[in-house]
Structures are given as C-alpha cells and as structure tokens.
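Quick notes on the structure that follows.
The values are calculated or read from the model by the stated rules, or taken from the named source; none is laboratory data. Quantities reported herein were computed from a predicted structural model and do not represent experimental measurements. In this analysis, Cβ positions are derived from the backbone assuming ideal geometry, glycine residues included, and neighbour counts consider all displayed protein chains.
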Amino acid sequence: MSNFFNTRLEFLRTVGSTQRAQLLGKELGLFTYGDLIQRYPFRYLDRTQVYNVADLHDDLPYVQVKGMLRGKELIGEGPKQRLTAKVGDGTGELELVWFKGVKWVQQYTKNNQEYIVFGKPTMFNGRPQMAHPELEEVTEAKPGQSFLQPVYNTSEKLKNYHRIDSKAIMRMVAELLKLAQSHVVESLSPALIEHYGLMSKAQALQQIHFPQSPELLAAAKFRLKFEELFYVQLKLLRQRDQRKVTLAGQIFNQVPTLVDFYKNHLAFDLTGAQKRVIHDIYKDFCAGQQMNRLLQGDVGSGKTIVAFIAMLMAADNGAQSCIMAPTEILADQHYTGLKVYADALGISIGKLTGSTRTAERRVLHEALRNGTMHMLVGTHALLEDVVQFRNLGLTIMDEQHRFGVAQRSKLWQKNPHVIPHVLVMTATPIPRTLAMTLYGDLDVSVIDELPAGRKPIVTVHRYDANRLKVFEFVRDQVKLGRQVYIVYPLIEESETMDYKDLTDGYESVSRAFPEFQISIVHGRMKAEEKDFEMQRFINKETQIMVATTVIEVGVNVPNASVMVIESAERFGLSQLHQLRGRVGRGADQSYCVLMTGFKLSKDARTRLETMVRTNNGFEIADIDLKLRGPGDLMGTQQSGVLDLLIADLAKDGRILSESRAAAQALLTEDPDLVNPDNGNIRRHIESLPASAVNWSRIS
Ligand code: ADP
Ligand code: MG
C-alpha cells in the first residue's frame, strides 16, 4: 500500500515531464508522491472574506472584492502597453491594471459581468488600485467560492524559467490528492483519535492543502502536528526503554558515608528541588539499570553538591566516580570545593587535567587502577586511554553542551564490565519542550529553585553615552570591597576585531581606574596564563576582571558582585543569562549592567528587556527559543530530531506535551505494540525504513 507514495513525480500528469520532475527534485527536494503530499503550504490567502471597495487600503494583504467589470481600455503601444478596467461594487470603484498578458486578459474578460477580483490593493492618488488581479466570473451556477488558497514555496528558477509557481504546485497537489484518496492509511489508533478529538489522516491531508474553513485548517494542523510529535516521542521513549532493558547498572543502595555527610558536614539545608533530584538519582541507583539522567538547573542553583552526593553514593558502594568539566578553571574549582568534603569524610579525591605533571599523573593512574582513589575531577584529559579505573561506577559531565557524543561513549568504555551510570549537568536552560525532544531518551531532572536568601540580581540597561556614570558605580562598588567583571563579546568570525575591542577596552578601563588592579582573560591566552590571572582575581589581588566570554561557564567567585557586559546587543539571550550568573553568588546585592549603543534591532531590544525583567533561566530560554527558533540553540544542529515537517517546537509546546504523554501511556500499556487496537501504529512504524529519523513521514 505504501508503494503508492514512493511513486516518482514524473508520473503525475500535472508535473508533465521527466525534466520537470527532475527540476522539482533538484530545486525543492521533491521526488515522490509522498514528498509532495507532505510539502504543506507555508501560508494561505484568505479568500473567505469579500471586502467593500470603500474599505480597501494600503496595509491590507491579498483580498477579494466582488463587483461589475467596466470600462476596459488599452493604453499605450508595444512593450509599454497596459490594460486598465474598473470594478464597482456600490461602495466605490477599484481600478485594475495589467502590464503583462494584456492580450489574454483583454480577450477573456467581459464588460458588465460580475467578477470576484483577487489581489493586493494599493492606494494611488487616494484611489484604490490592483495590479494583475485574478478574476473569476460570478454566475448563477457558481456564485463565487470562498476558501483559503494555499501558497507553496518554490524557487526563483522554477518560477521564472519553468512556470512552476505556487499555483502550479497547487495543481499538482490537487491532482495527487484525488489519486491518493484510497491510499492514505490511518497512522494513529482509534483510541488516540477519539481521545484527542483528532481529524482522520486522509481528511487532514486534504484540509491542510485545501482548507474549507479556518476551523478545519486548524483541526488539520493539530492532527498533523500531533502525529509528527507523537512519533518523535514514541521513538525516543522506545530507545530509552530499550536501553534500560538491555543495559544493566551497578546498584548503589548503601549510604553510610552519605548519612555522616548530611549529619556532620553539610553546612546548609538542601533546597526542596535538590532533595527531589537526589531522590531521582537514588532511585535510579537502586534500579539495577544504567542511569542516563540530565540534570538541568539554572546558574547558582547548586548542582555541584548534588553531583558530589551522587559520587558519595558510588563510593559508599565500592565504586569510583569521575566528574568532567569543560575547562581547567572549572575543574580546579570543583576539585577545591569537593576536596574539603572528601577529606572530611576520609574519601580520596584526585584531579587530572592537561597541566597535571607526569610524575603526579603516574601516581594518579596507579591509584585509579588499584581502586585506592575514589573520586576524580578532571577535564578532557581523563578521557585518555591510559586513564583506567578499577571499577568506574558513575561519570558526571558538567556543562554538557561542550562535550560530544563520542566523548560520552569514551567514558562508557572506562568500565568494560558494567557501563557506568551517567549524569549530565547543564546550566544552559533548555525549554522543557525542547529538552523533551533533544534529550527525550534521557531522564530529566530539574532544579527549579535557588537556595534560600539569594538576592535577585538587579539588571539595568545603559547606553554607551553613560559609561562615565557606570564607571562611577563600578568605582563605588570596588571601594565597598566588591569585585567586578567587564565582559567583551567574542565572536569567532571577527576574532581580530573582537580582540581589538577587548584590548582597547582593557586600556580604557586601566585609564579609568588607575587605583585598582586589573586582570585580563581571553581565549588567545595559554591555559596557564589564564589560570594565573583567574587565580589572582579569585585571591582578590585584582579588583576588576576584563574578559571575553571565556569566563562564561561555571566560574564561581562569590565576592564578584558586578557584571558589566559591553556590546550586550551582540550576545544571545542565553549567553547573557549565563554571564549574569557569574555574579549573585555571595551575600551582597549584585548588579548586571548591559551596555549598548543607541541603535538596536527589535530582537536586541527584546533580549535586553527580557534580561532586565527576569532572572528566571527557564523563562529566558523560552523567549530565546521564540526569538531564534530551535535550530540555533546550542547543541540542536546535529540532532536530526528537529527535522520536523510541520510542528514548531517554539510554538507547539502544548501539543508536544500531550503527544509525549500519549506516547508514554501507549508504551506503558502495550510496550511491544501487540494489541490489535494499536495495529495502525505498529503498521505505520513497520512501513518505515529503519533509518528514518522522523517517524511521522509517509513513504
Ligand atoms: P551551579 O548549579 O551553577 O553549578 P553551584 O553548585 O556552583 O551552582 O552552587 C552555587 C553556590 O551555592 C555554591 O557556593 C554552593 O555552595 C551554594 N549552595 C548550593 N546549594 C545550596 C543550598 N541548598 N543552600 C545554600 N547554598 C547552597
Ligand atoms: Mg556549576
């Protein structure tokens, strides 16, 4: 049955020839009937409403009016010739004009005949005009249709040289839909269709192309989006479930040291969100299956302590653990922070980075191999093959988007007997909808609560012209004993220019604050130099840190309470939020100052306003998604899951949640899809090539 949709387009009468079929393939990626029927219109012309001529104005899109055609007149000669006519409807008179196809229009239109006139109105000397309108006779038998007319994307080449415009594609789709009637197979179960009130597949395909009303169009869109997202989620959830069944994990159910830690060493109360996440992890550790969990938590929400507690559970059960950070600075910070706890608990912890000396390295390697070292903090260096563990039970990746899949699998191989549990932590807030799709095969925990007593960061937007005042403010804050970051953009394409911005900035900051010590950190410095400067700042030897975005991720200097971001309009919203997260980590009131010039794009303004308005990373991520679309968000490019035909992750969050719930319910009830009631779904999946990324496609 599905073979019909694999038919090549050249067999469609309205396509007409092999050559035109090839053009459709080359220009638009349309090869088969299935491709064409799923090339949905990108918009519709509203032909449901008839306007009065008196109500026409320049700002209207394509509209239609109905009236009597009169006074056809050919004006001019040769190539300059044009045809004009008038249409009156009792409220006014609309002038029509044609510059092309004049003869044809002249021949086939009749004076004193009523027409539906469709086109884009423009005002000329206060009078409405339409150039190249479409005309349709109104007769007794055919009183003028009302419908939404589909508009299809096509290419300039197809339009200009091969007469394949949106209308031509519309005709092809119309023919195909007639032929396809008996071939469209329902791909969702009767239960789903009933429960969610979905339109049938056949009707949805008809209505998405040729909607009979806006309501039917909406129902068709809902049905097709639901189906698309349902199959994406079904696939991801099945992958997750299969992995759980096939991959065993070590069981960590003993917690004596953890209890000691809670009772005697943990200096603060965990937040409710932290407790919940720790419970999620503990449940995973007791399940006997390998954990793959994503931990999302806004900057400063306290992910590190959760990581440490998970590592402690591993240690309590005789397994080793490692935590991998994307930079040396971060690895240092984790190590310094965690060592205090580990020492107090009598647990041995080590650090391995690119700059670890060979002699030290040898000792570390040995301790990891013989199991006397329980915890390891490091950078990419710990992926090297020489790093072998006696029994690695848990690997944690901090700020995950910097690590690729290949690296993840390298970590897996560090335990040849039982694959280690994996915890991925990220502070890049990803909207829930996107996380469900991107990480749909991971279990997700969220820390959506900051530790008590944090003062929200005060964020303001200032123009460059007011820099002196901003610097005064900086001076006052430093005099109060605080430290300050001043960040400049670094965008790869124009690295030289940015470098100049940074060095110029450094000079002007040095001139403005001769009484203070100033650090500088940027991407061109060697790791040791960077660390040296960073360390000076951490030790309060310097008061101001001038930097590029290299300080973006994870760095923790609680005494730094002011973040000035230069050329803030050049940063993305998530990045601004990340940068702001470097302050607000101590007891003092913190500030973030966004500096820009006067000229700002609309999007840039939205970004700045959002930053000023809210500190909530998830809200910011949602707005970021809406501004940029999912394709541009970090880590989404390679994922393929975003290769969607109709659903839009930025807008269809609700449909996504519903379809995921539906997929989850289905798998819980009928994991192998053996119930005859789910036959439509099983047959649909079976009809697809094994490699298909998007399970909702017709093929
Ligand atoms: P992030 O989630 O950004 O990695 P960190 O783990 O670095 O955040 O935590 C930020 C700061 O908050 C650290 O100084 C940490 O000790 C502190 N912290 C974490 N949890 C709590 C808590 N429940 N109460 C008070 N302070 C906490
Ligand atoms: Mg962190």
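Some points to look at:
- Within the range 449-492, being part of a loop (DSSP other than H, G, I, E, B) and more than 16 Å from ligand 2 (Cβ to nearest atom) holds for A452, G453, K455, P456, I457, L480, G481, R482, Y488, P489, L490, I491.
- Residues of the range 647-699 that are modelled with pLDDT of 85 or more and among the hydroxyl-bearing types (S, T, Y): S657, S659, T668.
- Restricted to the range 250-328, the set of helices (runs of 4 or more DSSP H) holding at least 2 residues that are within 10 Å of ligand 1 (Cβ to nearest atom) and not polar (S, T, N, Q) comprises 272-286, 303-316.
- For the range 311-329, a residue qualifies if it is within 14 Å of ligand 2 (Cβ to nearest atom) and buried (at least 22 other Cβ atoms within 10 Å of the Cβ), and the qualifying residues are I323, M324, A325, T327, I329.
- Any hit, the range 361-380, residues being within 14 Å of ligand 1 (Cβ to nearest atom), free of Cβ contacts under 8 Å to residues at least 12 places away in the same chain, closer than 20 Å to N556 by Cα and in the same structural domain as M311 (by TED's automatic domain parsing): no
- Within the range 293-310, the residues that satisfy the criterion of being more than 11 Å from ligand 2 (Cβ to nearest atom) and either of a type in the set (G, A, S) or without any contact (Cβ under 8 Å) to a residue 40 or more places away in the chain (or both) are F308, A310.
- Among the candidates G272, G197, residue that is within 29 Å of the chain's Cα centre (by Cα) and without any contact (Cβ under 8 Å) to a residue 12 or more places away in the chain: G197
- Only residues that are touching a residue at least 40 places away in the same chain (Cβ under 8 Å), out of contact with any Phe, Trp or Tyr (no Cβ under 8 Å at 6 or more places or on another chain) and polar (S, T, N, Q) were counted in the range 1-48, giving 3.
- Filtering the range 330-345 to residues that are without any contact (Cβ under 8 Å) to a residue 24 or more places away in the chain and either more than 30 Å from G523 (Cβ to Cβ) or buried (at least 24 other Cβ atoms within 10 Å of the Cβ) (or both) leaves V340, D343.
- If the condition is being modelled with pLDDT under 90 and surrounded by 23 or more Cβ atoms within 10 Å (Cβ to Cβ), then the range 283-310 contributes Q296, G297, D298, V299, S301.
- Taken over the range 573-595, the residue count meeting the criterion of being modelled with pLDDT of 95 or more and more than 16 Å from ligand 1 (Cβ to nearest atom) is 4.
- The helices (runs of 4 or more DSSP H) found entirely in the range 149-216 that carry 2 or more residues being modelled with pLDDT of 95 or more are 166-180, 190-195, 201-209.
- Of all residues in the range 427-448, those satisfying the criterion of being in a helix (DSSP H, G or I), surrounded by 20 or more Cβ atoms within 10 Å (Cβ to Cβ) and of a type outside the set (A, V, I, L, M, F, W, C) are T433, T437.
- Restricting the range 573-629 to residues that are closer than 26 Å to V546 by Cα and among the basic types (K, R), the residue that is farthest from ligand 2 (Cβ to nearest atom): K599
- For the range 395-416, the condition holds for at least one residue, the condition being that it is under 13 Å from Q296 (Cβ atoms), modelled with pLDDT under 85 and either not in a helix (DSSP H, G or I) or not polar (S, T, N, Q) (or both).
- Residues (away from ligand 2 (no atom under 16 Å from the Cβ) and in contact with a strand residue (DSSP E or B) (Cβ under 8 Å, 6 or more places away or on another chain)) located in the range 268-292: R276, D280, I281, D284, F285, G288, Q289, Q290, M291, N292
- W104 meets the conditions (1) more than 26 Å from F226 (Cα to Cα); (2) exposed (fewer than 15 other Cβ atoms within 10 Å of the Cβ); (3) modelled with pLDDT of 90 or more in every case but one. The failed one is (3).
- Boolean, D269 is within 30 Å of L345 (Cα to Cα), surrounded by fewer than 21 Cβ atoms within 10 Å (Cβ to Cβ), in contact with a Pro (Cβ under 9 Å, 6 or more places away or on another chain) and of a type in the set (D, E): yes
- Long-range neighbours under 8 Å by Cβ, at least six apart or interchain, first residue acidic (D, E) within the range 152-178, second part of a helix (DSSP H, G or I): D165/L158; D165/K159
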